[in-house]
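Values quoted throughout were computed directly from the atomic coordinates according to the rules given, and no laboratory measurement underlies them. Predicted, not measured: the structure shown is a model, and the values here were computed from it. Ideal geometry is used to build each Cβ from the backbone, glycine not excepted, and the neighbour counts take in all protein chains shown.
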């Protein structure tokens, strides 16, 4: 066993593992609708160990069950804390954990102990270990999905090359690999648009991760992605900071308006009542599809 593996053994019991949470936004409304729980390890001698380093070691040495269960606990505790917010918490799970035939039951039991319905949680699987290559893994995911949990495939586009390969797998959500988002060629963004259409046809949600610029955020919005995540929208942060961050971004939905008006408002960057703070009635009437009655409704007359 390596020195890092030796240090990682028992880290959960010693309270060295914790989670940071990164927001996921609905590009249409700019509302926070999700939070991904990201593993962190603060060792008294080594300090903060990079997640990629210790997760890789955990998978190689069999410690992933210990680390993974700690993250389920932390994710469910956070979901209980923000209950009623409409924010779904994503918990990363290695496909290797799914080899345990009791995984789904233990996951559900932890959620129940925290008073969290499975529908408020997403199980997020990385493509680094194909689910269909782990005996019993698909069955565990099916049980969680049937219990109401979302099942997300992370880094889509780096392993499974087509939707056809996913037909027998129980994913409800695809997270596009960051390399797709950061490629600004028209060819790649046409591919992103195609992925969105195919995902919706199969009843799956598409999440764009790795958003680092306003231009990228606008492009995933135009492509029709359901959720967006990245440093531009919010860094991973401690639970207390996330709660404050979310409270400061409370968004009031616009009243229902006709489709032409809704498109005009979206094009002008107006997706919530807070966006109208500096707009006058005259400004609104200058937008295509906005009549007097709609303008009055929007500014509260």
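A compact table of results
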{"quantity": "Of the criteria (1) touching a helix residue (DSSP H, G or I) at 6+ places or on another chain (Cβ under 7 Å); (2) assigned to a helix (DSSP H, G or I); (3) surrounded by fewer than 23 Cβ atoms within 10 Å (Cβ to Cβ), which one residue 119 fails", "calculated": "(1)"}
{"quantity": "Among (1) assigned to a loop (DSSP other than H, G, I, E, B); (2) within 22 Å of residue 115 (Cβ to Cβ); (3) in contact with a strand residue (DSSP E or B) (Cβ under 8 Å, 6 or more places away or on another chain) - the single one residue 11 does not satisfy", "calculated": "(2)"}
{"quantity": "Residue 193 being surrounded by 14 or more Cβ atoms within 10 Å (Cβ to Cβ) and without any contact (Cβ under 8 Å) to a residue 40 or more places away in the chain", "calculated": "yes"}
{"quantity": "Qualifying positions in the range 77-98 - more than 15 Å from the chain's Cα centre (by Cα), farther than 17 Å from residue 171 by Cβ and assigned to a helix (DSSP H, G or I)", "calculated": "77, 80, 81, 96"}
{"quantity": "Search result, residues across the range 276-290 that are in contact (Cβ under 8 Å) with a residue 12 or more places away in the chain and on the phi < 0 side of the Ramachandran plot", "calculated": "276, 279, 280, 281, 284, 287, 288, 290"}
{"quantity": "Filtered residues of the range 253-269 (kept if part of a loop (DSSP other than H, G, I, E, B) and loosely packed, with under 12 Cβ neighbours inside 10 Å)", "calculated": "253, 255, 256, 269"}
{"quantity": "Residue list for the range 70-94, restricted to those being surrounded by fewer than 19 Cβ atoms within 10 Å (Cβ to Cβ) and either under 12 Å from residue 17 (Cα atoms) or in contact with a helix residue (DSSP H, G or I) (Cβ under 8 Å, 6 or more places away or on another chain) (or both)", "calculated": "73, 81, 83, 85"}
